[in-house]
Amino acid sequence: MFIANFLPGVFADVRNEIGLMHEAYRVGVILSEMEGYCRYPDGNGTTDWHDSSKCQPGYKFFPGLTKGQVDYLDLEKISAFQNLMNDNYEFVKTLLGLKHPDRNYELHVSLESVYSTPQNRILIRYANNTPVLDAGKHIPISGYVTKYERFVWLDPWYRLVNVVYIGSPQNSPSDYHSRDITGCGNLTYPVSFIALIVEGKTAPETGAPWWVGFCLLREGENPSSCQPRGGEKDGILTVGFGSPMKSSPAPEEYPLYPRQVYIITDDVNRILQEAEFNHGDRVEFISSSKNTNVSVVCSPSLKFIAGKAVAKLVIYVW
Amino acid sequence: MNKKAQTFTLEGVASALILLVALYTLYQSSLVISPMWNEAVNMQMKMIAQDTLKILDNPKKEGEEYYLDSLQGMITNLRNCQLGVDCKPNDKFMEALEILLSSRGFDYRLELHWVEGDRINSTVLIDKKPSPNAVAASRYILLMKNEILGSSFSGLQLYDPVIFEVRLIVWRP
């Protein structure tokens with residue numbers, strides 16, 4: 001009986017992934033719960049380890065990514081961590097306790113969308129499309145690999161989205177296609193974040209009507225313009241499906257006000273769902289507007305939950 | 001020398017070796033459910049539950065109102081329903097839980113606890129039966145009494161401010 005009880009314990013230590021899980025957990029806690037530090041020879045220190053003006057080379061530092069609150073990550077620290085991983089991967093492993101004389105683990109850390117899956121990784125990207133954090137060794141496709149995930153939120157989030165003007169500079173309709181808009185060209189269903197910022201009328205003194213049409217399309221569909229269904233609707237923003245806009249799924253209408261932000265993510269996803277889009281299907285759009293100063297903001301990866309730009313910090317150790 | 005005895009000894013050693021190899025192969029090719037392994041899996045679920053509550057806890061307001069999908073917005077918008085009978089979180093809050101938990105294969109139960117008079121009262125907002133491997137996470141939310149006017153909590157004997165404990169129980173079905 002003693003031997004029967006004892007044997008699994010002996011072999012369990014041999015199983016790598018059991019030990020790996022704890023290593024991945026520890027790295028997750030360090031990165032998502034600690035601010036990090038930079039320590040000077042006189043004993044004083046700062047949490048701004050990423051700022052070269054406050055933490056000069058040669059001083060002892062430790063990387064953490066938060067802004068002083070658990071799961072609340074600082075984009076500046078993330079950027080510094082990405083550079084550190086690129087420049088000195090082995091040193092980071094030593095700092096994080098993944099490299100010591102008897103063990104040497106490999107590491108990959110990334111910031112991914114909440115919709116990301118191992119089969120379809122969706123990285124969080126800056127407005128210029130470069131990943132915010134995708135650092136370390138390439139993840140092997142086989143072997144003992146442990147994955148650990150933490151939900152986090154990012155600040156400042158506006159660096160992760162592009163604001164692009166799609167209004168009509170004159171008193172005549174103008175069309176813009178998502179393919180021509182950086183950050184909006186690779187949207188997939190369900191859309192993470194899309195909003196319209198309405199500044200006001202282009203020519204308020206004329207009293208001419210103003211409207212905005214926003215038509216959602218399947219990838220590769222050849223669009224015509226996106227005039228709101230039923231013709232010009234003065235003072236109305238219409239979001240619908242197809243170009244020209246169809247009556248089904250039912251379009252969504254919002255009254256237009258100057259200096260107003262319209263976060264249309266939920267309505268866009270409702271329309272796409274009713275149009276029978278599948279998870280991961282590419283989404284395009286064409287917008288038309290008349291006499292309106294309007295811009296579009298979109299992100300293929302960022303998701304706002306409870307007013308926070310939420311992402312997943314994903315840690316692989318093997 | 002007794003050849004028969006020698007053969008028995010060799011046979012014993014050989015069978016012991018075969019048994020050892022078989023056991024080693026068995027434990028290498030199948031999952032060892034050790035306490036360490038369970039603890040690691042539970043810790044991932046616990047972290048997910050705690051992170052979910054942290055994400056949803058946002059005392060900032062969108063104009064005059066809390067975000068509907070925040071814990072504060074969810075509690076203040078429990079309206080036109082009877083606590084413990086038909087009160088459910090709003091759709092936006094449910095969608096947030098769907099994205100953070102359901103889409104990742106987790107099931108969950110949501111409870112709300114608060115002090116009423118001289119006793120602790122509670123209600124179940126999402127009523128599902130946890131499995132034995134479930135883990136729980138809690139978050140305390142502080143709201144002023146005037147913020148829950150018009151909700152299903154108005155009329156109760158509450159202190160000002162009111163402290164709510166939101167308890168999220170998560171498991172893999």
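The values are calculated or read from the model by the stated rules, or taken from the named source; none is laboratory data. For clarity, every value in this text was computed on a predicted model and none was experimentally measured. So basically every Cβ, Gly included, is an ideal-geometry build from the backbone, and we count neighbours across all protein chains shown. For accessibility, only protein heavy atoms count, side chains too; no ligands or nucleic acids. Shrake-Rupley method; radii C 1.70, N 1.55, O 1.52, S 1.80 Å.
Hey, what do the phi angles of segment B:121-126 turn into as Karplus ³J(HN,Hα) couplings, whole Hz, using 6.51/-1.76/1.60 and θ = phi - 60°, x for Gly and Pro?
Ordered by residue, 3J(HN,Hα) equals 10, 8, 9, 9, 8, 10 Hz.
What's the total accessible area buried between chains B and A, using a 1.4 Å probe, rounded to the nearest 100 Å²? Mind showing how you got there, number by number?
Working: alone 11380 and 15670 Å², together 24030 Å².
Counting protein atoms only, the buried area is about 3000 Å².
Among B:80-90, A:280-290, how do they line up from the highest to the lowest mean number of other beta-carbon atoms within 10 Å?
Numbers: B:80-90: 13.5, A:280-290: 21.4.
Peptide ranking by packing, descending: A:280-290, B:80-90.
Which order do B:Trp171, A:Trp157 take by accessible area at a 1.4 Å probe, largest first?
Working: B:Trp171 10, A:Trp157 90 Å².
From most exposed to least exposed: A:Trp157, B:Trp171.
Given N residues in segment A:97-185, what is its alpha carbon radius of gyration divided by 2.2 N^0.38 Å? Could the numbers behind the result be given before it?
On the way: Rg = 19.4 Å, N = 89, 2.2 N^0.38 = 12.1 Å.
For segment A:97-185, the normalised Cα radius of gyration comes out at 1.60.
Quick check on the protein assembly as shown: of the DSSP beta bridges with both residues there, what percent are antiparallel, nearest 5%?
On the way: 91 of 100 bridges.
Of the beta bridges lying entirely in the protein assembly as shown, close to 90 percent run antiparallel.
Considering only protein heavy atoms and a probe of 1.4 Å, how much of the accessible area of segment A:48-138 is carbon and sulfur, as a whole percent?
Values: 2060 of 4340 Å².
Answer for segment A:48-138 is 48 percent, counting heavy atoms of protein chains only.
What is the angle, in °, between the Cα long axis of helix B:91-100 and the longest principal axis of the Cα atoms in chain B? Nearest 10 is fine, range 0 to 90.
20 degrees
Could you give the nm distance between label points at B:Gln157 and B:Val13, where each point is 7 Å from its Cα heading toward the beta carbon?
Calculated label separation equals 8.3 nm.
Picking from B:Phe153, B:Met45, A:Asn293, whose Cα lies most toward the positive end of the charge dipole for the protein assembly as shown (charges on Cβ: Lys, Arg +1; Asp, Glu -1)?
B:Met45
Would you calculate the separation in nanometres between label points at B:Leu20 and A:Asn44, each defined as 7 Å from the Cα along the Cα-to-beta-carbon direction?
Reported label-point gap for B:Leu20 and A:Asn44 is 6.3 nm.
Do you know the relative contact order of chain B, to the nearest whole percent, from alpha carbon pairs under 8 angstrom that are 6+ apart?
On the way: 231 pairs, mean separation 39.5, N = 173.
Once divided by the residue count of chain B, the mean separation gives 23 percent.
Using Cα positions and a limit of under 13 Å, work out the aspartates and glutamates in reach of A:Lys99, with same-chain residues fewer than 8 apart set aside.
A:Glu23, A:Glu90
Quick check: pseudo-label points 7 Å beyond the Cα along Cα→Cβ at B:Arg79 and A:Phe62, how many nm apart are they?
Using points 7 Å along Cα→Cβ, the separation is 4.8 nm.
For segment A:36-49, what does the Karplus curve 6.51 cos²θ - 1.76 cosθ + 1.60, with θ = phi - 60°, yield as ³J(HN,Hα) per residue in whole Hz, taken in order and with x for Gly and Pro?
For segment A:36-49, the Karplus curve yields x, 7, 10, 10, 8, x, 7, x, 6, x, 9, 8, 7, 5 Hz.
Which whole-number value in Å² is the accessible area per residue of chain A, probe 1.4 Å? Intermediate values should be presented prior to the final figure.
Details: 14140 Å² over 318 residues.
For chain A, the solvent-accessible area averages 44 Å² per residue.
Taking 8 Å as the Cα distance limit and 6 or more residues as the minimum spacing, I'd like the relative contact order of chain A as a percentage. Working shown, then result.
On the way: 700 pairs, mean separation 76.1, N = 318.
After rounding, I find 24 percent.
Just the C-alpha atoms of chain A: what Rg/Rh do they give, with Rh taken as the Kirkwood radius? Could you put the intermediate results ahead of the total?
Numbers: Rg = 24.7 Å, Rh = 22.3 Å.
On the Cα set of chain A, Rg over Rh gives 1.11.
GNM, chain B, Cα, under 10 Å: largest mean-square fluctuation among B:Leu97, B:Leu110, B:Leu17?
Highest fluctuation among the options: B:Leu17.
Please tell me the relative contact order of segment A:162-301 in percent, rounded to the nearest whole number, where contacts are Cα pairs under 8 Å and at least six residues apart.
On the way: 363 pairs, mean separation 67.4, N = 140.
Normalised by residue count, the contact order of segment A:162-301 is 48 percent.
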